[in-house]
Each structure stands twice: as structure tokens, then as C-alpha cells.
Amino acid sequence: MYITIGGFTLDDTVTPDGSIYWAAPGGNALYSAVGARLWGVEVGIVARIGPDYPQAYLDRLVAAGLDLNGVRRIDTPSFHVWILHEGGGRRQIIYRLDSGHNQDLDPVPDDIPEEYLTSCGAHICPIRGDSQSALSTFLGQRGIPLFLDLIVIPGQIESELFGPAAWQQVRAFLPGIEEVQALWGNHPLPALLREVRASVPGCFAIKMGANGSLVYHPAEERLYHVPAYTTRVVDATGAGDAYCGGFMVGLQKTGHPVEAALRGTVSASFVIEDFGALHALQIPMKQAEQRLESLRARVIPIEGAEQLAGVQTTISGKFEER
């Protein structure tokens, strides 16, 4: 079993034309689990929900093969968020006034069922830094490979980097480019990568949305660019989380960060094709493998400064100093 640890949300999505899709099941723990489940593995979820979370959604997740023994109801509202699409690929995610809060809904080590403590890997989703630290220490002491993502939301969730010893527990670090810039500065790409490599001793992948991901293979001391899979984008919510779930399974099965990133990219490609997370649980694994094969030929090894400059030019808006 693989496990994902984070949050469940109920998402009210407003599209540019004014259409509203109410209370779709989302949340980083769910999207990550969907991204992992796509590759035919058993996945358990650790999350907290309120009495307002529909049982019908939970029943559908169980029917799709997800293990919800780590999902716990508590006496506080679930996360409720507005996802506001403004056109041009821009969107805002805003907590509703009736939403629950991270201090109540973040999982803690005691929420993890005993049977999950022999897992092949655990993705700790973007939650508060102190929650992530407690979970990583607890799971790391039990020898479970950890896959860590971060989020930086000033005034709401403050991400805190762990000390050097804690980084040794992390099998792969999987942040978005915005989090990398928030933690290490708005530097040009070569300088930014040097900062990450100096801090993170192992494998990492930097997610860049439609621009794919940059993946570092520590054994080879080489960087790769894995492009996004081209498909119809309906809602990009949850793509990064699905990437992490697919990456976790891929790295544990193959041992190669690029193969992991390919699976993560394919997982994300299915999630973005509709609203919410449930639709991606219906994807046949054969279809995922077809996308995997077509994407593999597009991976670019970064051999030197010139190629890295080419990647930076392609995605320059993300890396220019401000």
C-alpha cells in the first residue's frame, strides 16, 4: 500500500462564463491518491473531514478501490473552497467563510492506522509546516519512504523547512516553482537550482504547470526536463497533487526519477480533463500506459548550461528576477 496524507475539500468552481460546479470532491490528499491509484496500486488516505462531507462521495471512492480507513470525521466543518477561473489560465483558490481550518483538519500521527505503517511510500501533501514536520518524523522513524510537497500561503499556512537531518528522511522533494522561489528566492534558473541542490540531498522534481517539470537524478548528478502531456484542460486544480501521487509510485517501482516524473505527468494529465477528482478514477491503466510511452520520447536531458538556458528561455516568465 501507498498512502497520501493531507486534506479533502469540497470545491465550488466558477468558470469564466459564469457557470458554477458545486461541491465537487477535491483536496490534495484525494488528488494525490487518484494520481497513485491510476498505476494499479493499493492506496490509503489519511485526512480529516467534517460532518458535512457527503457519505456518497466516500462510498464512490471505496467502490473505486481507495482505502479510507485513515479518513476521520471530526466535529468541525470540512474544507470548503471557491475556485475562481478568470480566463487565460488564471485562477484563484479562496477558502469560503464557512470552511474548516487547518489547525483542526490537518492530520496528525495518531490519525494514521496501524496497517498503514508498512506502506511502500507516503506522500505528505501541502499542509502546515509543523504538521508536516510531525508526520515526517513519525513516519521516518518507521522507515517509510517520504515524498514531500510544500505550500506557502502567508498568513494562513506557513511552510517551514526542516533541518538537515530531517531532509535525509525525504525520498523525493516535489514542490511547485512558486514554493521554490518563495523559499530560495526569485533567482534565474541556474542559481535557483544550485540553491535547491545545496539544501536537498536527494531526488527532487520542480513542478511548473503547463511547462512540465525539472527532475534531478542524484545518482547521475543530472537534470532532466519532462514536458507536460498535451491534452484538453478543463480545470488544472489538483494537477500538482496527482503528479506527486504518480511520481511516488513510479519512483518506488522503477527507482528512476525520470520514470517517476513521467508517471506523475500522466496522472496530472487525466485530472485536468474535468472538474473534481472522481472522473480520473475511471481511467483504464492501459490508457495511462499509452500516454506514458508517447511522453517518454519527449524527455530532454540537460547536458550543460546552454541547454539549461534553452529551457529557461522556453519558460522564462517563471524564472526572471523581479
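The values are calculated or read from the model by the stated rules, or taken from the named source; none is laboratory data. Computed from a predicted structure; not experimentally measured. Note that each Cβ is placed from the backbone with ideal geometry, even for glycine, and that neighbours are counted across all protein chains shown. Heavy atoms of the whole protein, side chains included, go into the accessibility calculation; ligands, DNA and RNA do not. Shrake-Rupley method; radii C 1.70, N 1.55, O 1.52, S 1.80 Å.
Miscellaneous remarks
- Restricting the search to strands (runs of 3 or more DSSP E) fully inside the stretch 63-125 and requiring at least 2 residues that are within 19 Å of Leu135 (Cβ to Cβ) gives 66-73, 121-124.
- Selection status of Tyr21, open to solvent by 40 Å² or more (accessible area, probe 1.4 Å), within 18 Å of Gly276 (Cβ to Cβ) and in a strand (DSSP E or B): yes
- One residue alone among Ile124, Ile157, Ile151 is at pLDDT below 90, of a type in the set (A, V, I, L, M), surrounded by 21 or more Cβ atoms within 10 Å (Cβ to Cβ) and under 18 Å from the mean Cα position of the chain (by Cα), and that residue is Ile151.
- Cβ-Cβ under 7 Å pairs, at least 6 apart or on other chains, the stretch 38-65 side under 16 Å from Ala24 (Cβ atoms) and charged (D, E, K, R), far side at pLDDT 95 or above and open to solvent by 20 Å² or more (accessible area, probe 1.4 Å): Asp52/Pro77
- Selection within the stretch 28-59 - in contact with a strand residue (DSSP E or B) (Cβ under 6 Å, 6 or more places away or on another chain) and open to solvent by less than 10 Å² (accessible area, probe 1.4 Å): Ala29, Ser32, Ala33, Ala36, Val43, Gly44, Ile45, Val46, Ala47, Ile49
- In the stretch 276-297, residue modelled with the lowest pLDDT [restricted to those that are part of a loop (DSSP other than H, G, I, E, B) and under 19 Å from Arg232 (Cβ atoms)]: Gly276
- Residue within the stretch 87-102 that is closer than 30 Å to Val233 by Cα, of a type in the set (A, V, I, L, M, F, W, C) and open to solvent by less than 60 Å² (accessible area, probe 1.4 Å) present: no
- Members of the stretch 298-316 found to be modelled with pLDDT of 60 or more and open to solvent by 90 Å² or more (accessible area, probe 1.4 Å), listed by number: Arg298, Glu303
- Complete set of residues in the stretch 187-198 that are in contact (Cβ under 8 Å) with a residue 24 or more places away in the chain and loosely packed, with under 15 Cβ neighbours inside 10 Å: Pro188, Pro190
- Test result for Pro175, at pLDDT below 85 and either on the phi < 0 side of the Ramachandran plot or surrounded by fewer than 20 Cβ atoms within 10 Å (Cβ to Cβ) (or both): no
- Unique residue being out of contact with any helix residue (DSSP H, G or I) (no Cβ under 8 Å at 6 or more places or on another chain) and modelled with pLDDT under 85 when the list is Gln92, Gln168: Gln168
- Residue satisfying all of: in the stretch 208-225; out of contact with any Leu (no Cβ under 7 Å at 6 or more places or on another chain) and over 24 Å from Ala29 (Cα atoms); most open to solvent (accessible area, probe 1.4 Å) among these: Glu221
- Some residue of the stretch 248-255 being open to solvent by 30 Å² or more (accessible area, probe 1.4 Å), closer than 25 Å to Cys120 by Cα, of a type in the set (Val, Ile, Thr) and part of a helix (DSSP H, G or I): yes
- From the options Ala205, Ala268, Ala228, Ala242, residue that is at pLDDT 95 or above, part of a loop (DSSP other than H, G, I, E, B) and open to solvent by less than 30 Å² (accessible area, probe 1.4 Å): Ala228
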